[in-house]
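I have placed the structure first, in the form of structure tokens, so that the comments after it can refer back to it.
The values are calculated or read from the model by the stated rules, or taken from the named source; none is laboratory data. Everything numeric here is computed off the predicted structure, so don't read it as measured data. Cβ placement follows ideal geometry from the backbone for every residue including glycine, while neighbour counts extend to all protein chains displayed. Surface accessibility is based on the protein's heavy atoms, side chains included, excluding ligands, DNA and RNA. Shrake-Rupley method; radii C 1.70, N 1.55, O 1.52, S 1.80 Å.
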Amino acid sequence: MKKLNFEKRGLAVLGAQWGDEGKGKIVDYLSSKVGVVARFQGGNNAGHTVVVGDQTFKMHHLPVGILYPGVKCVLGNGMVINPEVLINELEGLQQRGVDTSELRISDRAHVIMPFHRDFDSAEENFRGKQKIGTTGLGIGPAYADKAYRRGLRMIDFIDLDRFTSWLEEILPLQNAFLSKIYGLPGYKKEDLLQKFAPLGEKLSASVTDTSLFLREQLNKGEKVIFEGAQGALLDLDHGSYPYVTSSPTSTGGILTGLGVGPQSIKDVLGVVKAYTTRVGEGPFPTEEDGETGKIMREQGVEYGTTTGRPRRCGWFDGVIAGYGAGINGFTGWALTKLDVLTGFKTLKLATSYQLADEQLNHFPPLLSDLHLCKPNYLEIDGWEEDITRARKLDELPTETRNYLQAIEDVTKVPVVMVSTGPEREQTIVIRKDIP
Ligand code: IMP
């Protein structure tokens with residue numbers, strides 16, 4: 001019997017904070033070295049920005065690997081997909097000369113319908129002050145319908161008969177929720193069919209069994225990047241619930257969201273910003289809402305790729321980074337936006353939290369506790385030198401290297417890559433065998 005051979009070829013690239021860590025840049029840098037890049041969760045709530053020369057690309061559904069000719073890209077079964085947005089994204093790239101023919105969409109991925117967006121905004125309004133601060137794109141309601149076992153899968157969406165039957169079965173229920181609970185107008189089956197059936201037809205050639213495809217690729221010896229979206233603290237199970245997204249953003253999500261086995265994961269790279277940012281509501285212990293946060297926001301251009309919202313900014317939080325490392329099994333850090341910290345006289349790094357008399361080294365499950373947590377900071381000298389041209393670790397000032405060392409000491413994870421600017425070349429690779 002010839003043994004299947006998909007061992008240790010996958011590199012997971014996951015966010016370690018509240019999203020927006022710069023995963024796009026890291027995946028882009030690594031994509032030239034792999035055959036496949038696959039997303040396993042989330043939808044167009046993600047916003048991955050990639051700068052190539054004088055061009056900026058903003059990806060929402062598509063894996064960043066799409067920018068490399070010949071790299072095969074997968075939208076996995078764990079994703080929720082807005083067909084209209086995906087087609088616009090594909091056509092936008094095609095107009096800029098990007099070949100998108102290597103895209104494969106899972107037949108089991110779920111589809112976001114217009115009423116999912118309606119429910120997203122209506123539920124946020126209903127929560128009032130307790131709102132989550134979602135992207136408003138219908139992500140949560142689409143995942144909720146999947147869990148309720150009334151979602152629309154790609155395989156059904158691209159077949160006119162099955163799409164029609166699904167609408168006949170499900171639309172009356174959705175319309176009842178819209179009108180009776182939220183006082184909103186419902187949808188007509190004919191209107192949805194007229195708008196969406198052509199979109200399903202457009203996507204149908206790319207829809208396939210991506211779990212089978214990935215296993216074939218791994219078995220053939222292709223290297224694969226598992227591209228995460230959002231971050232550890234937004235994970236549905238492990239994040240700062242309820243201020244989370246509705247999918248598993250962590251390592252476990254790769255297995256269910258793509259249908260591959262654990263032996264396919266060789267390394268788990270945690271992408272972590274040199275400081276911390278957050279969009280949306282919820283506690284943020286190291287937040288700096290004064291001048292320091294403002295400087296970080298302006299120097300780091302911290303405005304959402306998807307919604308344009310200004311991001312809340314604060315110091316590096318070793319407690320959450322260590323927590324992210326624990327739940328994901330990070331084997332290395334890809335530290336991003338280190339250049340944004342240039343010019344601060346002193347840098348602060350949270351090593352633990354103080355909750356009344358108790359010193360916490362772990363992320364607490366109760367948000368009411370997290371609200372009361374005060375960070376215990378380690379203070380480190382900053383640097384003035386421009387680091388954007390450094391290509392090797394020893395080209396960084398001593399203070400910068402001390403800062404990296406402090407992050408390693410607090411989180412117990414080695415820094416294996418450092419990004420010192422948005423361009424592909426502005427990257428220092430410390431561990432050369434990745435991926
Ligand atoms: P949703 O994913 O739209 O349901 O939003 C839930 C929470 O996740 C909100 O706090 C959003 O701001 C946050 N979120 C979702 N996607 C991203 C992302 O790509 N970056 C940062 N935050 C995100």
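Quick one: if you stick a label point 7 Å off each Cα along the C-beta vector at residue 85 and residue 256, how many nm between them?
2.2
Provide the percentage of antiparallel DSSP beta bridges, counting only those with both residues in the chain; round to the nearest 5.
40
Using the structure shown, list the pairs from 25/432; 348/374; 345/432 with a Cα-Cα distance above 23 Å, or answer none.
345/432
Could you give the spread of the C-alpha atoms of segment 46-132 along their three principal axes, from largest to smallest, in whole angstroms?
Between the extreme Cα coordinates on each principal axis of segment 46-132 lie 46, 33, 19 Å.
Carbon and sulfur together cover what percent of the accessible area of the chain at a 1.4 Å probe radius? Spell out each step's value before the answer.
Details: 9210 of 18370 Å².
That fraction is 50 percent.
Which number do you get for Rg(Cα) / (2.2 N^0.38 Å) in segment 325-409?
Here the answer is 1.31, to two decimals.
For residue 103, enumerate residues with amide H under 5 Å from its amide H, sequence gap 5+ or separate chain, H modeled in the peptide plane.
Amide H neighbours of residue 103: 73.
How would 202, 273, 412, 294 rank on accessible area, largest to smallest, probe 1.4 Å?
412, 202, 294, 273
Send over a whole-number figure in Å² for the accessible area per residue of the chain, probe 1.4 Å.
Value returned for the chain: 42 Å² of accessible area per residue.
Taking θ = phi - 60°, what integer Hz values does the Karplus form 6.51 cos²θ - 1.76 cosθ + 1.60 yield along segment 380-397, in sequence order, with x for Gly and Pro?
Couplings: 10, 5, x, 9, 9, 5, 6, 9, 6, 9, 5, 10, 10, 4, 6, 8, 8, x Hz.
What FRET efficiency, computed as 1/(1 + (r/R0)^6) with R0 = 25 Å and r the Cβ-Cβ distance, is obtained for residue 130 and residue 384, rounded to the nearest 0.05?
Once the sixth-power term is evaluated, E becomes 0.05.
Suppose we look only past 35 Å in the calculated P(r) of the chain. What percent of the Cα-Cα pairs does that tail hold?
Everything past 35 Å amounts to 29 percent.
Order 51-64, 134-147, 175-188 from most to least packed using the mean count of other Cβ atoms within 10 Å.
Highest mean packing first, the order is 134-147, 51-64, 175-188.
Using a basic spin-label model with each label point 7 Å from the Cα along Cα→Cβ, how many nm lie between residue 33 and residue 309?
3.5
Modelled label-to-label distance, residue 241 and residue 376, 7 Å Cα→beta-carbon offset: nm?
Placing both labels 7 Å beyond Cα along the Cβ direction yields 2.8 nm.
In deg cm²/dmol and to the nearest 500, what is the mean residue ellipticity at 222 nm of the chain if only DSSP H runs of at least 4 residues count, each as -39500 (n - 2.57), divided by the residue total?
Per the formula, -9500 deg cm²/dmol.
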